[in-house]
C-alpha cells in the first residue's frame with residue numbers, strides 16, 4: 001500500500017505512467033472521475049479514441065511534483081495544448097475539429113446524449129463553435 005500523503009512530494013523528474021503506483025492513480029480518479037477534467041469543465045465528453053494522459057496541475061517545469069493532489073486526467077488534445085503553460089480551460093479541444101472534418105461529430109454528440117454522457121457546452125464561444133462545426137460552416 002502506497003502512502004498517499006507523502007508519495008510523489010518533491011519528485012520533479014519526469015516519470016513514466018507505469019512508475020506511478022496504482023493507488024496514486026486511483027486517488028486521482030476517485031477525486032476527479034475518469035475523463036478529461038477540462039472537457040468536463042467545458043461540458044464535453046471526449047471520444048473514446050482520444051487517449052487520457054496524466055497532467056500536472058502545477059507543471060514540473062514550474063515547480064510541480066507527482067503528489068496525487070497535483071495530478072489530473074486530461075485528454076491528449078488538452079494536455080498537448082497546455083504543455084508547461086497555464087492555459088485557460090476554455091480552449092476547445094482539437095478533437096472537435098478532427099471529428100467534424102471526418103463527418104463524425106454529430107454521431108459523437110448523439111451517442112453521448114443517448115448514453116447519458118456529458119454533452120452540453122457551457123461557454124458561449126464554444127457553443128457557437130460546436131454549432132458551426134455541426135452545420136459544416138468551419139473547416
Is it true that residue 120 is assigned to a helix (DSSP H, G or I) and out of contact with any strand residue (DSSP E or B) (no Cβ under 9 Å at 6 or more places or on another chain)?
-> no
Would you please list the contacts, defined by Cβ atoms under 6 Å and residues six or more apart or on different chains, that run from a residue in region 40-51 that is within 20 Å of residue 131 (Cβ to Cβ) to a residue that is part of a loop (DSSP other than H, G, I, E, B)?
-> 41/89; 43/120; 43/121; 43/122; 45/117; 45/118; 45/119; 46/36
Residue check, residue 124 loosely packed, with under 14 Cβ neighbours inside 10 Å and at pLDDT below 85 | yes
Considering each of 18, 40, 14 in turn, give the residue that is under 21 Å from the mean Cα position of the chain (by Cα) and outside any helix (DSSP H, G or I).
-> 14
Quick check, is residue 92 touching a helix residue (DSSP H, G or I) at 6+ places or on another chain (Cβ under 6 Å), at pLDDT 90 or above, part of a loop (DSSP other than H, G, I, E, B) and farther than 25 Å from residue 2 by Cβ?
-> no
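The values are calculated or read from the model by the stated rules, or taken from the named source; none is laboratory data. Quick caveat, the model's predicted, so the values are computed rather than measured. Using ideal geometry, Cβ is built from the backbone for each residue, glycine included, and neighbour counts are taken over all protein chains shown.
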